[in-house]
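Student: Below: one structure in structure tokens.
The values are calculated or read from the model by the stated rules, or taken from the named source; none is laboratory data. Just so it is clear, the model here is predicted, and its values are computed rather than measured. Here Cβ is always computed from backbone atoms with ideal geometry, including for glycine, and neighbour counts include all displayed protein chains.
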């Protein structure tokens, strides 16, 4: 009787503990998400950092390059690339935006004339009416404050991820050794093997993202050039960068191209819009599944399913993390199934 009571009490205590842990994880979900992103980036950048660290070109005498210097070199390369892209993209976009703004009244007037001729508008909308229909000052201030808070939070999250990734790369070996000690000594070699497979999968995912960005950028450059859109190389570069951000990235990167084409003619803007729609359909249903399946080793069905689930759960960030997360789950599940098969074969041999 006492043993049964003790078992029930232990089960209740474990259930309460599990509920508390789940509740705490839910409350700290934003922080845990930043940690998870940092871990994925650390795993993905680890081969590159190790390659730089062991390069003979960077050695000082017989000593290899310190790891923190190798990490800083990777960070500096990323920052330099972003600065180069900004210098290349921003000036022509500003010029095109100014041209578009200057011609906007004429476009609006012609648009209202077209709507009036078709009977879709009963009178011209004056500037005074547009101002009255605009949101009030309170709403505008609230929206600006919300946007500012969102941007500030995103910048804080980005800085946190970069710093945490830096320290994870530096202390990665020690952290993994401490994690491996949670398992019995006989299982640590298997844990190390699983960790290596996961590292390869995440690194392959990063490579796949670069392949996708390069493919979209190249096809956008060719398409926009053939359509006669000015600054096609800059707009194609924006399309390549937008490809790195799932869901909303390709849409946002298409907007500048459509606006630039609109300064030439409405027909050209329509053709550019159709081009980007076709390109994104090709990217969503063929390119992403094929590339990720080949690079990461995850089937196209799993890739599409993971993207849908990740996007539904966490939006853009969820879609971005969906494929590497699916790859990690696949490695762990495969290892558990292999272990179950090994135990089954061993039990079969013993019975035989």
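Student: State which residue is farthest from residue 257 (Cα to Cα) when the search covers only region 273-296 and only residues that are surrounded by 15 or more Cβ atoms within 10 Å (Cβ to Cβ) and over 18 Å from the mean Cα position of the chain (by Cα).
Tutor: Of region 273-296, the ones surrounded by 15 or more Cβ atoms within 10 Å (Cβ to Cβ) are 273, 275-276, 279-280, 283-284, 287-289, 291-293, 295-296.
From what's left, over 18 Å from the mean Cα position of the chain (by Cα): 273, 275-276, 279.
Values: 273: 8, 275: 11, 276: 9, 279: 13 Å.
Once the filter is applied, the top-ranked residue is 279.
Student: From 241, 216, grab the single residue that is under 20 Å from the mean Cα position of the chain (by Cα), in contact (Cβ under 8 Å) with a residue 60 or more places away in the chain, surrounded by fewer than 20 Cβ atoms within 10 Å (Cβ to Cβ) and closer than 22 Å to residue 311 by Cβ.
Tutor: 241
To keep it simple, each residue is scored yes or no on (1) part of a helix (DSSP H, G or I); (2) modelled with pLDDT of 80 or more; (3) in contact with a helix residue (DSSP H, G or I) (Cβ under 8 Å, 6 or more places away or on another chain); (4) surrounded by fewer than 15 Cβ atoms within 10 Å (Cβ to Cβ).
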{"position": "149", "(1), (2), (3), (4)": "yes, no, no, yes"}
{"position": "159", "(1), (2), (3), (4)": "yes, yes, no, yes"}
{"position": "162", "(1), (2), (3), (4)": "yes, yes, yes, yes"}
{"position": "194", "(1), (2), (3), (4)": "yes, yes, yes, no"}
{"position": "204", "(1), (2), (3), (4)": "yes, yes, yes, no"}
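Student: Which one of 298, 288 is modelled with pLDDT under 80 and under 24 Å from residue 194 (Cβ atoms)? Before you say what the answer is, go through the steps one by one.
Tutor: Values: 288 fails: under 24 Å from residue 194 (Cβ atoms).
None of the other options fit; the residue is 298.
Student: Could you give me the residue pairs with C-beta distances under 8 Å whose first residue belongs to region 75-92 and is over 14 Å from residue 241 (Cα atoms), whose second residue is assigned to a helix (DSSP H, G or I) wherever it lies, and which are 6+ apart or on separate chains?
Tutor: Cβ pairs passing all conditions: 75/162; 75/166; 92/234.
Student: Quick check on this structure: which one of 32, 48 is under 26 Å from residue 321 (Cβ atoms), more than 18 Å from the chain's Cα centre (by Cα) and surrounded by 13 or more Cβ atoms within 10 Å (Cβ to Cβ)?
Tutor: On the way: 32 fails: more than 18 Å from the chain's Cα centre (by Cα).
Just one listed residue meets the conditions, 48.
Student: With the condition being touching a helix residue (DSSP H, G or I) at 6+ places or on another chain (Cβ under 7 Å) and over 30 Å from residue 236 (Cβ atoms), I'd like the helices (runs of 4 or more DSSP H) fully within region 265-352 carrying at least 3 qualifying residues.
Tutor: 300-351
Student: Given the residues 250, 256, which is the only one that is touching a helix residue (DSSP H, G or I) at 6+ places or on another chain (Cβ under 9 Å), within 23 Å of residue 317 (Cβ to Cβ), part of a helix (DSSP H, G or I) and at pLDDT 80 or above?
Tutor: Working: 256 fails: within 23 Å of residue 317 (Cβ to Cβ).
Just one listed residue meets the conditions, 250.
Student: Mind checking which pairs have a first residue in region 308-334 that is touching a residue at least 60 places away in the same chain (Cβ under 8 Å) and at positive phi and a second that is loosely packed, with under 13 Cβ neighbours inside 10 Å and outside any helix (DSSP H, G or I), Cβ under 7 Å, 6 or more apart or different chains?
Tutor: Cβ pairs passing all conditions: none.
Student: What's the number of the condition residue 17 fails, among (1) over 23 Å from the mean Cα position of the chain (by Cα); (2) within 26 Å of residue 168 (Cβ to Cβ); (3) at pLDDT 75 or above; (4) exposed (fewer than 12 other Cβ atoms within 10 Å of the Cβ)?
Tutor: (2)
Student: Let me ask something else about it. Tell me which of these residue 258 doesn't satisfy, since it passes every other one: (1) more than 27 Å from residue 322 (Cβ to Cβ); (2) within 19 Å of the chain's Cα centre (by Cα).
Tutor: Here residue 258 clears every test but (2).
Student: For region 180-192, what are the residues that are out of contact with any helix residue (DSSP H, G or I) (no Cβ under 8 Å at 6 or more places or on another chain) and assigned to a helix (DSSP H, G or I)?
Tutor: If the condition is that a residue be out of contact with any helix residue (DSSP H, G or I) (no Cβ under 8 Å at 6 or more places or on another chain) and assigned to a helix (DSSP H, G or I), then 185, 186, 187, 189 are the ones that fit.
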